[in-house]
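See below for the structure under consideration.
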Amino acid sequence: MADEVSIDKASFHNRLSSLITAWKGDKRSGNHVFGDVGSIVVIMGKSDETQGFHKSNAAQFWLLGYEFPTTLFLFTLEGMYIITTKKKATYLEPLKEGGKTPIEVLVRGKDAEENTKQFERMLELIKNAGKKVGVVAKDASSGPFVNEWKTAFADISKDVEEVDISSALSNVMSVKDENELRAIRNASVASSHVMADYFVDYMSDILDKDKKITHKAFSDKIAAKIDDDKFFKWKKAPANFDTMQLDWSINPTVMSGGNFDVRLTTDPDDSNLHAGVIISALGLRYQTYASMLARTYLVDPNKSQEGAYKVLLNVHDAVIKELRDGIVAKDVYNKAISVIKASKRPELAEKFSKSVGAGIGIETRDGTFTLNAKNNRVLKDGMTFSISTSFFDVENPSPQDKKRDAKYALMISDTVRVNPAGVGEGFVFTKDAATDMESTSFFFNDDEEEEKKEKPKPKKDSRVGAVASSNITKTRLRGQGAQTANEEKEGARREHQRELHNKKHGDGLEKYTAGHGNLNGTAVKQYKKFESYKRDAVFPTRVKDLMILVDEKNNSIILPIMGRPVPFHIATLKNATTSQEGGFCFLRINFLSPGQGVGRKDDQPFEDPSAQFIRSLTFRSKDNNRMEDIKDQITEMKKNMTRKEQEKKDMEDVVEQEKLVEIRSRRPHRLDNLYMRPALESKRVGGAVEVHTNGLRYQHLGNQRVDILFSNVKHLFFQPCVGELIVIIHVHLINPIMIGKRKAKDIQFYREATEMQFDETGNRKRKHRYGDEEEFEAEQEEKRRRAQLDKEFRNFAEKIADAGKNEGLAVDMPFRDLGFNGVPSRSSVMVQPTTDCLVQLTEPPFMVITLLDIEVVHLERVQFGLKNFDMVIVFKDFTRQPAHINTIPVESLDSVKDWLDSVDIPYSEGPLNLNWATIMKTIVTDPHVFFKDGGWSFLAAESDSEGEDEEEEESAFEASGDDLASESSEDESDFDDDASAEASEEDVSDDEEGEDWDEMEKKAAKKDREGGLEDEEKSAKGGKKKR
């Protein structure tokens, strides 16, 4: 045997104890399982791979983890005795210690007399143990060792009765421990990987390209895949998965064209693969533990075949649900029959298999636990079964090929574990290989495109609708109650905002309790070690010349110091400078060291800051060009290292996505003639987007691909071309991905809404003049074309959302009516709210802000006389920099406030721009202290104090006016439709400060006119009468 044989001592003694315990328990309960045997003999002759796994070597694998040929095990209730060869005995000797059951190892040699004495001792132990001895009746072992034992045992065969112990051994080995279940899981997952990721793809390719391949060749190709180590190192591989432990427990078998054997007793034939019903069965073994997997694939099935497969699916699911701790084996089979008889195809019960599975473990099929109509054995937690349901010789009412499709079979097999009572149905180890109708049906002859179903319009947020409807006011007479309406609206908004701010403050106190500390933690920078060369042998060869060398490959410079070459890593250098003096060129190399002045490097950690550091080294030379060249090389190397570190830092949040699962059973939904942003190339080249099982694929016309998985999509937007030049499907990701050489978190697919032949400027040369009718028709055609474009993109966005519904994906659409202009980055764009976000999708860089991530919003530069104001969005993650949307027209102020209030976002306003970097740094340092001292109330206090001052001045002005029609409330709004408080405030302040001479003269003239107004009017009237 191999030198690396290592037997798990703890596992051996645990399993041996479980065997002895079950044996003793059976004796106390009536000897129903072990048959009242006093001893058990398990013998293994010469190794024969053609015999596979049987009860004798299964017992050895179960106890030792290895097969030991030419070895005899004798079990009694008091101990275990082993006869084996000298080399194997060395591996078994350590088992004598560490267990409750005594172990004795007898070494078999070349001395025939000694060997005979060993057998005689075994026979004596058997006779002393009782009149019955347990043996494996259908023992497949053979060889001289077995024959010699049988000859010796014949001498006592009259005195001792042989009892078949196979079922008892199965009963003990059927309940798997944690290590056994892990091995069966690994085998099952690997089998599912072969079926789902290799067989299905290869079969689809064969059928799609109409290739020819025989069942035998196809099966052999699958069998050869076990040697592909790279294939079995896939992303979903279990931890510590060892490909060297894999072997076939069931050789791959492919069946089609009417030649079906659901019992898997025959080898694949030489017939070609037929596009109809295709059955594939296989099973991998991991660490000697087997798995079983079979799937049926339907190519262009008719309604009868689809109906039969659905019945089989229901039966298979019912059997798995019935696998529970304490249920009798025959009840599982009877459940399957009852499901068939209760279905729409009860006649299929006659075509159903005689069992629905059997136990699986080291043996591929343990007949003791066959799930048929007669087996009364009870299932227990930890047992594993190969569940196999099938229909055979089913008549096909409408065959495409009367010879090969007249009859067909259906088969589904899985490896399943029995769960504890109360947990529910059995756990399917092979669930990664799908069995649903959509995954197992393939349509290659169906060229008709699916009809586009009209999807219902997405429901808008009721609160957003409320805002929109509130802007439609009732018809009023001029000046009647306008002021009162604004007061009511502003008062309700203030009250709601006060509630939101109070709730936000309470949540902050609850979240950030005392002692919370800095949000960024207290971790200090760690010293980063650098290594230029591992040993002096890898120095550049030119170091012998004792000259300054710049080694870009190792990011180092080598300086001659005291006649020796000394390397310095570029990370230890600050910079290099040159100067001219006295005919020499001086090269000064400055190094990083603690306390070298104010700068970003001040907090750079050092391994031992108290050590002595070299600040700089200076070299001189008459070769000016040489020195300048060295300085330039060092500077460039420093830049390259800094750039690489920055690129590495930028790529930290970039994730590697899983593999896109392509749809093979039908043509994927596809949208052509569109462009992607960010672009893959500098040239403007279009492409197409396809919807697959777990994501999107953008097919670039330059043969490049971009895959986007649904699991990485945070938001999906559709923006119509109303008021825009393009129609957009926008994807906002959770984690950025690489697009070319850049990372991207927002990916957009768009198509232009205008065409070249439509000249909207009126500059085209016309052969004749168009009339009003032609222009009207052109406008209508433009509207129809835009509406069709919106409909096409919207339907495609709905299909994306439908495919990703398992990941919670839904289409969101901007509300243009609630939009406002602003500058979130470089240029003024339309910023629009959606149900869940605030977005800007028209121009890059795009902006997508999730409403649930917003803590508060502060409106800056809100004061009378300014035409614009700014919006600052503070996020719940205080370590994230606030977002700014600048230069928003003041006309949008009320609508912005209404929208923020409708989506329950607390906001505040102020006249000045605040230093948010300092504010956020204070909050991050200790959020508990921040909320304890009032939290965001400092923003509201500023705006409230201004409002109170304005109200006091305004009310004083109103009280002094004699012609005031009605009294004003003390709580009048800061923003009035007719006149602003600030305007009245200016008038009062101007009177108090005093007037200049020109204004006083104007007022005096006005009073004079007012004093003589009546006389002037009378004289004017009299003049008219005389005329």
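If you count only protein heavy atoms with a 1.4 Å probe, what accessible area per residue comes out for segment 54-159, rounded to a whole Å²?
Details: 5240 Å² over 106 residues.
Accessible area per residue, segment 54-159: 49 Å².
Just subtract the alpha-carbon distance of residue 817 and residue 220 from 0.36 nm times their residue separation and send over the number in nm, one decimal.
Values: separation 597, 0.36 × 597 = 214.92 nm, distance 6.42 nm.
That pair, residue 817 and residue 220, stretches by 208.5 nm at full extension.
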Quiz item: Each residue of segment 709-722 in turn: what ³J(HN,Hα) in whole Hz from Karplus with 6.51, -1.76, 1.60 and θ = phi - 60°, glycine and Pro shown as x?
Solution: 7, 4, 5, 9, 9, 8, 9, 10, 10, 10, 10, x, 8, 5
Quiz item: Using the heavy atoms of the protein chains alone and a 1.4 angstrom probe, what is the accessible area of segment 380-436 per residue in square angstrom?
Solution: 43
Quiz item: Which whole-angstrom value gives the distance between the alpha carbon centres of segment 815-844 and segment 283-297?
Solution: 55
Quiz prompt | Built amide H within the under 5 Å cut-off of residue 674, gap 5+ | solution = 687
Quiz item: Points 7 angstrom from Cα along the Cβ direction at residue 938 and residue 489: gap in nanometres?
Solution: 3.3
Practice problem: Can you check what the net charge comes to around residue 751, using other residues whose Cβ is under 10 Å from the Cβ of residue 751 (Lys, Arg +1; Asp, Glu -1)? | Solution: -3
Quiz item: What nm value, rounded to one decimal, do you get for the distance between residue 632 and residue 138 when each label is placed 7 Å out toward the C-beta?
Solution: 8.6
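Once the Cβ-Cβ distance between residue 77 and residue 438 is put in as r, and R0 is 60 Å, what FRET efficiency do you end up with, to the nearest 0.05?
Values: r = 57 Å, r/R0 = 0.95.
According to the calculation, E is roughly 0.60.
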Practice problem: Note the full-extension length gain between residue 672 and residue 110 as 0.36 nm times their separation in residues minus their Cα-Cα distance, in nm to one decimal. | Solution: 194.3 nm
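Calculate, in nm to one decimal, what residue 151 and residue 334 gain on full extension: separation in residues at 0.36 nm each, minus their alpha carbon distance. Mind showing how you got there, number by number?
Details: separation 183, 0.36 × 183 = 65.88 nm, distance 4.63 nm.
Residue separation times 0.36 nm, minus the Cα-Cα distance, leaves 61.3 nm.
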Quiz prompt | Nonlocal amide H pairs with residue 134, under 5 Å, H built at 1.01 Å | solution = 38, 39, 40, 41, 163
Quiz item: Which FRET efficiency value, to the nearest 0.05, is calculated for residue 683 and residue 714 with the Förster distance at 22 angstrom and r the Cβ-Cβ distance?
Solution: 0.15
Quiz item: How many nm separate the modelled label positions at residue 615 and residue 867, each set 7 Å beyond the Cα in the direction of the Cβ?
Solution: 5.7
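Run through segment 193-246 and list the trypsin sites (Lys or Arg not before Pro) located in a DSSP loop whose Cβ has at most 15 other Cβ atoms within 10 Å. Don't jump to the answer; show the numbers that get you there.
Numbers: sites: 209, 211, 212, 216, 221, 225, 230, 233, 235, 236; in loops: 209, 211, 212, 230, 233, 235, 236.
Taking segment 193-246 and a limit of 15 other Cβ atoms within 10 Å, the loop trypsin sites (Lys or Arg not before Pro) found are 209, 211, 212, 230, 233, 235, 236.
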Quiz item: Quick one: if the Förster radius is 56 Å, what FRET efficiency do residue 304 and residue 850 give, using the C-beta to C-beta distance and rounding to 0.05?
Solution: 0.65
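The values are calculated or read from the model by the stated rules, or taken from the named source; none is laboratory data. Quick caveat, the model's predicted, so the values are computed rather than measured. Ideal geometry is used to build each Cβ from the backbone, glycine not excepted, and the neighbour counts take in all protein chains shown. For the accessible areas, the whole protein counts, side chains as well, though only heavy atoms, and no ligand, DNA or RNA atoms are used. Shrake-Rupley method; radii C 1.70, N 1.55, O 1.52, S 1.80 Å.
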